[in-house]
Amino acid sequence: MIDFRHLLATVLAFFNRLFHRGPTPAPAADDVEARPKSGGTATPETASASSPATAPAAPESAAPEPTTMLTAAEVFDSVGPAYEDAFTGLPTQAAAIDWLVQQLKADPATAQGGAKIVDVGCGTGRPTCSVLADAGHSVTGIDISEAMLAAARTRVPNAQFELIDVRAFIEREKGQPASLDAVTVFFSLIAGVTQDDIRLVLSGLAGLIKPGGYLVFSTVPIPINNGPIKWMGRSVEVSSLSPEEGVAAVKAAGLEVKYDAVTTFKPRAAEAGICQPDEVWEEPHLFVYAQKPVVAASASS
Ligand SMILES: C[S@@+](CC[C@H](N)C(=O)[O-])C[C@H]1O[C@@H](n2cnc3c(N)ncnc32)[C@H](O)[C@@H]1O
């Protein structure tokens, strides 16, 4: 069961930082809620650590003028590849990617590599595209940020990358037979989308996954619809779902949830030069691992 007291404290702290910029009580770093599902092989991960005790002085913030409302692409173009430094070693993401690698290894069709995988909002390509491509799979990262894709092409030469919004990607691909062995979505359905978009994108992606294939979805599970916030010093409109709504959206897309967990993480964004220390907060993270059911062939056919 989710510990609602801890989760509520995290959510309140998050909103407090967004709108009031005052000091907030930090939730415990071990705020973890993990719900392995029957048949799932995932192990609960510990929540990631907060900043080092003696953080180096933050460089001048690279954030644009904080009052300007940015598009999602502008936000991530301005953050750029330093995003990777702020999230390096996120253990829950590493565990999610490893879970997927193990599932693909256990399937004779993909055990030797060659699974067709799309990483939605791939950022710099690391860690997701990099780990999956190094495991021998055919990986395409899609993203709306030129700056992120430029880094990804250099950092992960053994994957393919495309500049495209996930909504346009689904629109383009949806007439084709489902051909993907897996789709990953790590923190990319938040900026510049509505709550309806999130549900539609999850359902559209599920339609592109082969029966028996996988979806790994993570987000910052704060229920908000097109709300203006400041993220790492940048003004942007965001949407997201609560943990329960996020899990329900994956199920409503026709997928079987194998595991879900809520954890917390404080990005090292000031140390990475993305923004000032008081513009960073500890984030709640939702991770959902899911599989598309294999429909049994009818006895009469
Ligand atoms: C928070 S970053 C996460 C990057 C990467 N998934 C990771 O975990 O390191 C979100 C990424 O999603 C991309 N993105 C945001 N909205 C998108 C959309 N509608 N379609 C495709 N990519 C999107 C952003 O440009 C950014 O690179």
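Each value in this text was obtained by applying a stated rule to the coordinates, not by laboratory testing. Please read these numbers as outputs of a predicted model, since none were measured by experiment. Ideal geometry is used to build each Cβ from the backbone, glycine not excepted, and the neighbour counts take in all protein chains shown.
Given the condition in contact with an Asp or Glu (Cβ under 8 Å, 6 or more places away or on another chain) and within 16 Å of the ligand (Cβ to nearest atom), answer yes or no: does some residue in the stretch 101-111 qualify? No: the stretch 101-111 contains no residue that is in contact with an Asp or Glu (Cβ under 8 Å, 6 or more places away or on another chain) and within 16 Å of the ligand (Cβ to nearest atom). Applying the selection to the stretch 208-249, what residues are outside any strand (DSSP E or B), surrounded by fewer than 24 Cβ atoms within 10 Å (Cβ to Cβ) and touching a Phe, Trp or Tyr at 6+ places or on another chain (Cβ under 8 Å)? Within the stretch 208-249, Val220, Ile222 qualify. Of all residues in the stretch 74-93, those being out of contact with any Asp or Glu (no Cβ under 8 Å at 6 or more places or on another chain), assigned to a helix (DSSP H, G or I) and within 11 Å of the ligand (Cβ to nearest atom) number 8. For the stretch 165-179, filtering for residues that are more than 7 Å from the ligand (Cβ to nearest atom), closer than 23 Å to Ala72 by Cβ and not acidic (Asp, Glu) leaves 5.
Within the stretch 259-266, not a single residue is surrounded by 16 or more Cβ atoms within 10 Å (Cβ to Cβ) and in a helix (DSSP H, G or I).
Tell me, please, whether a residue that is within 12 Å of the ligand (Cβ to nearest atom) and part of a strand (DSSP E or B) can be found in the stretch 191-201. Yes; the residues of the stretch 191-201 include at least one that is within 12 Å of the ligand (Cβ to nearest atom) and part of a strand (DSSP E or B). Within the stretch 136-154, being within 8 Å of the ligand (Cβ to nearest atom), buried (at least 22 other Cβ atoms within 10 Å of the Cβ) and assigned to a strand (DSSP E or B) holds for one residue alone: Asp143. For Gly123, the conditions (1) near the ligand (Cβ under 9 Å from one of its atoms); (2) assigned to a loop (DSSP other than H, G, I, E, B); (3) touching a Lys or Arg at 6+ places or on another chain (Cβ under 7 Å) are fulfilled apart from (3). Filter the stretch 202-222 for residues that are within 13 Å of the ligand (Cβ to nearest atom) and of a type outside the set (S, T, N, Q) and give the result. If the condition is that a residue be within 13 Å of the ligand (Cβ to nearest atom) and of a type outside the set (S, T, N, Q), then Leu202, Gly204, Leu205, Val216, Phe217, Val220 are the ones that fit.
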